[in-house]
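Single-structure report; data block below.
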There are 2 protein chains.
Amino acid sequence: MSAMNDLLAFQRQTEALSSIAERLGWDQETVMPRGAAEQRAEEMGAIESVLHERRTDPRIGEWLEAATPRTEAESRAIELIARDFNRANRVPARLATELARLTSLSQGIWAEARANEDAEEFLPTLDQVLMLKREEAAALAEGGDLYDALLDDYEPGMTGAEIASLFDAMRPRLVTLREDILGAGVQPQELTGHFPQETQLRLARTCATAFGYDWSRGRMDVAVHPFSSGRWQDSRITTRVVEPDPFNCLYSTIHEVGHSSYELGIDPDYAFTPLGRGVSMGVHESQSRIYENQMARGRAFTGWLFNRMSDAFDGLNITDADAFYATVNRVTPGFIRTEADEVQYNLHIMMRFDLERDLIAGRLDTRDLVEAWNSRFQKDFGVAVDRPANGVLQDVHWAIGLFGYFPTYALGNVYAGCLNAAMREDTPDLDDTLAQGDAAPGVEWLRENIHRHGGLLPPRQLVEEATEDDISPEPLLDYLEDKFSTIYKL
Amino acid sequence: MSAMNDLLAFQRQTEALSSIAERLGWDQETVMPRGAAEQRAEEMGAIESVLHERRTDPRIGEWLEAATPRTEAESRAIELIARDFNRANRVPARLATELARLTSLSQGIWAEARANEDAEEFLPTLDQVLMLKREEAAALAEGGDLYDALLDDYEPGMTGAEIASLFDAMRPRLVTLREDILGAGVQPQELTGHFPQETQLRLARTCATAFGYDWSRGRMDVAVHPFSSGRWQDSRITTRVVEPDPFNCLYSTIHEVGHSSYELGIDPDYAFTPLGRGVSMGVHESQSRIYENQMARGRAFTGWLFNRMSDAFDGLNITDADAFYATVNRVTPGFIRTEADEVQYNLHIMMRFDLERDLIAGRLDTRDLVEAWNSRFQKDFGVAVDRPANGVLQDVHWAIGLFGYFPTYALGNVYAGCLNAAMREDTPDLDDTLAQGDAAPGVEWLRENIHRHGGLLPPRQLVEEATEDDISPEPLLDYLEDKFSTIYKL
């Protein structure tokens, strides 16, 4: 018993320290004085170094060998601890340090290059990052596929080949739908007007409340890039305000509420254990997406939102709830992934997935990346990339070493499609309450079927048990075709 | 060289972790969701445990033996590290844990007893705390005086006997001054009116700016009990708003700016070393007090503040700057230390100092504490304590084990008196700029003579070098008699 208890007690403290590091990150992005950057870097370095030491502590290996789990949760905890311990030990300390140093540096170089619209400024650094990431992947893969080894960090159990075949199945229907929409005779109106910051933030709070955000265990602040941070009793959201576009603030908020609700909904018994967090990036994204899209961008909720916004902003240029629904779901050509609608978003991801898989496999050289990006974009979106910030420099991910991360966004959409189908069957009154500004039946269904399990079940099993079906892109594609055919009268 | 470098590198990380712990404390008191208390307790426990382990790490002992300092700063760093290491190692782990557990518990019991106005509810717990603190003091003192061993944690180098003789020298003149003031024929007017929160906070920011607070390395938030938190590039202040009494907000703010300015003014080379913080509680308090009292409660600055407040609140019931100066410095009878004016404050401290010295020495039993408090209060202030919250239950200090802390408040006033005399001689234009709402000459003098040194010089030496004189209560007493004789026309 003692090894099991020692291991869990040690892990408990590691989880607490890791939660502190995340809280510091929140502080940095929201309230930290602007002059404190160097100090904060040193503080983050110190706690990360303590965490790294703990994650590779040889005692973990001894405890793991001697530990006898007493429950299903303890078995799974052992599995997750062993997984992290093995991953941490496979990467040589020198490489981990070098990666940390380089990626913190390269983020600045990327930002500078993006501001200067000069991809050449960034590519040599990206090449160095890629070299180290391939080295890391080789250490992790132990002879297996390099990309899979990186992907496993974000979506455990998923492989690049599985994702490729999922994406191959999705692409034709998405491409067709996109073309039909952009070629449709009637296009939704754009929302225009003056939308003061304070009113947007007040409405954002109302929306968060509509989606059951627990304010006693969270708070909302403004950040440059919205994010959610923390778990258990303290998961905070951030939002941003773009004055001419209130949808940015409102839907970012609901998206982050989805992430935070997942963390806040986990069984409290799992707090400070490896089960006490969302199980994968894909499942996490499925929660933010199902809140933001399947629930908050549906006809029912937008009907309620139309009235709230009309009141709050003293009338809108759109005067009818059906037209407003179309406006919320407007599909327009664009270069930027984060601004993409439900239809085009996945096409952006597929392109990044193919490119990064080629980079990691050594099939694509960073010197050819701009050309590869631009020609692929032309092919998928029918438009030539006009400048690097709209092209290869638009995302920070690769600069900070996040290879294998992009596909989890689209995977989240696929999971959300599956979950939405099952959720709708089980909650026939959901649209009625959404039309009243209350997502409770959906939120409760997700808490029961997804949130509370935390890390207990592996991602695929979790979603398949919740939906009582295999994972498939069909529900998502059916949902998209159905929704957008109605809106665009296809 | 290697031992010295290893020691400093290790200490650097410890300082960074300790700074993180302080930032978490700030978070807890300002922005943390109310439902996150248990989680935060576990997080604080985890980082405190890491810190305790590091502070008692046997490698420190080895490094200290082998280290050869190369500079005056390194010699002092060695001295301070050795001091903390020895203190940490003298206290048995069992006792440290028990003290941490009990004092976190007893704070709640104290708060409950205070709310219930029932001292008996609290005294048995206080007795347990006292027992453990005496045990700790014995471990630290190694045969020396128990009270001195505790005091040394807050005011290194100072002894109870020295403080007693300092206080004995002060008491008669303070008692006489207090009686003269309360018996004076003319008493200052009270400020009355409506003072909206937002206006108070806006004025507080203006006051902080007047005292040179560096907003790029700090921020201001609202907390129940105002405090300052952090150092180097990030020292934040908090304030509170009591709507009928704007002085509370404004002078709390300036007080905390004093503390933060000290930390922000330390030589950046000392960051992440033991020299990178205020050298003692007494010196710290001297900075907050000299900002709040000798500068911000002087005739020059109150003249400027009178105009600002008259404008901000659309007129005051006091219509003349001299009368306003008297109002700011009003002396009225009262039970509460934290609400006391410059004259009576030190009398509150002296009484606590005598009582806690007797408690630690074993000359006073907690069962007799209420009687001892009340009779002493009657003697010093001429009034009978009406209820425990106005008497023995008013301060949290003893409940959380802070014996030996109280005298540093009065010591801060004494240091401030000394420093003010020297500062005024060196900055003949200070009152002119204060009258314009600008404390720069004073702030610069303090930065040059106190702040920048951080922990380089021991407290007494620091103040004596700054003033080119011995520490003495005379300058403070002269200043108080001079100021209040004028205001009260004595």
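The values are calculated or read from the model by the stated rules, or taken from the named source; none is laboratory data. As the structure is a prediction and not an experimental result, all values here were calculated from the model. FYI the Cβ positions are ideal-geometry reconstructions off the backbone, even for glycines, and counts take in every protein chain you see.
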Handout entry: Single residue of the range B:226-259 satisfying the filter (assigned to a loop (DSSP other than H, G, I, E, B) and buried (at least 21 other Cβ atoms within 10 Å of the Cβ)) that is farthest from the other protein chains (Cβ to nearest Cβ)
Key = B:226
Practice task
Please go through the range B:46-77 and pick out each residue that is in contact (Cβ under 8 Å) with a residue 12 or more places away in the chain, more than 23 Å from residue B:139 (Cβ to Cβ) and over 26 Å from the mean Cα position of the chain (by Cα).
Solution key: B:63, B:66, B:67, B:68, B:69, B:70, B:72, B:74
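Every residue, every condition in (1) part of a helix (DSSP H, G or I); (2) out of contact with any Leu (no Cβ under 7 Å at 6 or more places or on another chain); (3) among the aromatic types (Phe, Trp, Tyr); (4) in the same structural domain as residue A:475 (by TED's automatic domain parsing), yes or no:
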{"site": "A:349", "(1), (2), (3), (4)": "yes, yes, no, yes"}
{"site": "A:370", "(1), (2), (3), (4)": "yes, yes, no, yes"}
{"site": "A:392", "(1), (2), (3), (4)": "no, no, no, yes"}
{"site": "A:441", "(1), (2), (3), (4)": "yes, no, no, yes"}
{"site": "A:455", "(1), (2), (3), (4)": "no, no, no, yes"}
Fill in the blank from the handout: residue B:215 meets each of (1) on the phi < 0 side of the Ramachandran plot; (2) aromatic (Phe, Trp, Tyr); (3) surrounded by 15 or more Cβ atoms within 10 Å (Cβ to Cβ) with one exception, condition (3)
Handout entry: Subset of the range A:1-33 [under 30 Å from residue A:239 (Cβ atoms) and within 8 Å of another protein chain (Cβ to nearest Cβ)]
Key = A:16, A:17, A:19, A:20, A:23, A:24, A:27, A:31, A:32, A:33
Exercise for the section: Kindly indicate whether any position in the range B:215-222 is polar (S, T, N, Q), more than 17 Å from residue B:255 (Cα to Cα) and at pLDDT 95 or above. Expected result: yes
Exercise for the section: Could you tell me whether the range B:48-57 includes any residue that is exposed (fewer than 14 other Cβ atoms within 10 Å of the Cβ) and within 11 Å of chain A (Cβ to nearest Cβ)? Expected result: yes
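Rundown of residues vs (1) surrounded by 18 or more Cβ atoms within 10 Å (Cβ to Cβ); (2) under 24 Å from residue A:148 (Cα atoms), yes/no style:
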site	(1), (2)
A:391	yes, no
A:399	yes, yes
A:405	yes, yes
A:413	yes, yes
A:420	yes, no
A:425	no, no
A:428	no, no
A:433	yes, no
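Would you confirm, using the coordinates I've provided, whether residue B:325 is away from every other protein chain (no Cβ under 14 Å) and touching a helix residue (DSSP H, G or I) at 6+ places or on another chain (Cβ under 8 Å)? Break it down stepwise before answering.
On the way: away from every other protein chain (no Cβ under 14 Å): yes; touching a helix residue (DSSP H, G or I) at 6+ places or on another chain (Cβ under 8 Å): yes.
In short, yes.
For residue B:135, state whether it is over 19 Å from residue B:361 (Cα atoms) and at pLDDT 95 or above. Write out each step before concluding.
Details: over 19 Å from residue B:361 (Cα atoms): no; at pLDDT 95 or above: yes.
No: the conditions fail for residue B:135.
Yes or no, residue by residue, for (1) of a type in the set (D, E, K, R); (2) surrounded by fewer than 24 Cβ atoms within 10 Å (Cβ to Cβ); (3) in contact with a Cys (Cβ under 8 Å, 6 or more places away or on another chain); (4) not in a helix (DSSP H, G or I):
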| site | (1), (2), (3), (4) |
| --- | --- |
| A:269 | yes, yes, no, no |
| A:273 | no, yes, no, yes |
| A:276 | no, yes, no, yes |
| A:282 | no, no, no, no |
| A:291 | no, no, no, no |
| A:301 | no, no, no, no |
| A:306 | no, yes, no, no |
Practice task
Only residues in the range A:213-225 that are more than 8 Å from chain B (Cβ to nearest Cβ) count as the first member; pair them with residues that are at pLDDT below 95, Cβ under 7 angstrom, at least 6 apart or cross-chain, and list the lot.
Solution key: A:223/A:29
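Consider the range B:457-477. How many of its residues are part of a helix (DSSP H, G or I), touching a residue at least 60 places away in the same chain (Cβ under 8 Å) and within 21 Å of residue B:174 (Cβ to Cβ)?
Quick first cut of the range B:457-477, residues part of a helix (DSSP H, G or I) only: B:459-467, B:474-477.
From what's left, touching a residue at least 60 places away in the same chain (Cβ under 8 Å): B:459-460, B:462-463, B:476-477.
From what is left, the residues that are within 21 Å of residue B:174 (Cβ to Cβ) are B:463, B:476-477.
Residues that pass the stated criteria total 3.
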Exercise for the section: Among the residues of the range B:216-225, write down those that are in a loop (DSSP other than H, G, I, E, B) and over 14 Å from the mean Cα position of the chain (by Cα). Expected result: B:218, B:219, B:223, B:224
Exercise for the section: Answer yes if at least one residue in the range B:2-12 is crowded, with 20+ Cβ neighbours inside 10 Å and without any contact (Cβ under 8 Å) to a residue 40 or more places away in the chain, and no otherwise. Expected result: no
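Pick from the range B:71-111 the residues that are among the acidic types (Asp, Glu) and at pLDDT 95 or above: which of them is surrounded by the fewest Cβ atoms within 10 Å (Cβ to Cβ)?
Just the residues of the range B:71-111 that are among the acidic types (Asp, Glu), to begin with: B:72, B:74, B:79, B:84, B:98.
Restricting the remaining residues to those that are at pLDDT 95 or above gives B:72, B:74, B:79, B:84.
Values: B:72: 10, B:74: 17, B:79: 14, B:84: 16.
Ranking the candidates gives B:72 first.
Could you tell me which of the residues B:75, B:104 is among the small types (Gly, Ala, Ser) and in contact with a Pro (Cβ under 9 Å, 6 or more places away or on another chain)?
Values: B:104 fails: in contact with a Pro (Cβ under 9 Å, 6 or more places away or on another chain).
It is B:75.
In the range B:151-184, which residue that is part of a helix (DSSP H, G or I) and among the β-branched types (Val, Ile, Thr) is surrounded by the fewest Cβ atoms within 10 Å (Cβ to Cβ)?
At the first step, the residues of the range B:151-184 found to be part of a helix (DSSP H, G or I) are B:151-154, B:160-182.
Right, trim to among the β-branched types (Val, Ile, Thr) and you get B:163, B:175-176, B:181.
On the way: B:163: 26, B:175: 16, B:176: 11, B:181: 22.
Per the stated criteria, the residue is B:176.
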Problem - the range A:144-173 residues that are assigned by TED's automatic domain parsing to the domain that holds residue A:476 and of a type in the set (Gly, Ala, Ser), paired with ones that are surrounded by 15 or more Cβ atoms within 10 Å (Cβ to Cβ) and not in a helix (DSSP H, G or I) (beta carbon under 7 Å, 6 or more apart) - result: A:157/A:458; A:160/A:145; A:169/A:473
Handout entry: Residues satisfying the stated conditions in the range B:397-412, i.e. touching a Ser or Thr at 6+ places or on another chain (Cβ under 8 Å) and assigned to a loop (DSSP other than H, G, I, E, B)
Key = B:401
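Are any of the residues in the range A:191-203 more than 13 Å from every other protein chain (Cβ to nearest Cβ), assigned to a helix (DSSP H, G or I) and surrounded by 24 or more Cβ atoms within 10 Å (Cβ to Cβ)?
If we filter the range A:191-203 for residues that are more than 13 Å from every other protein chain (Cβ to nearest Cβ), which is where we start, we get A:191-203.
Next cut, assigned to a helix (DSSP H, G or I) only: A:197-203.
Subsequent filtering for residues that are surrounded by 24 or more Cβ atoms within 10 Å (Cβ to Cβ) retains A:200.
For the range A:191-203, residues more than 13 Å from every other protein chain (Cβ to nearest Cβ), assigned to a helix (DSSP H, G or I) and surrounded by 24 or more Cβ atoms within 10 Å (Cβ to Cβ): present.
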Exercise for the section: Have a look at A:98, A:38, A:65, A:79 and point out the one that is of a type in the set (Asp, Glu) and within 14 Å of chain B (Cβ to nearest Cβ). Expected result: A:38
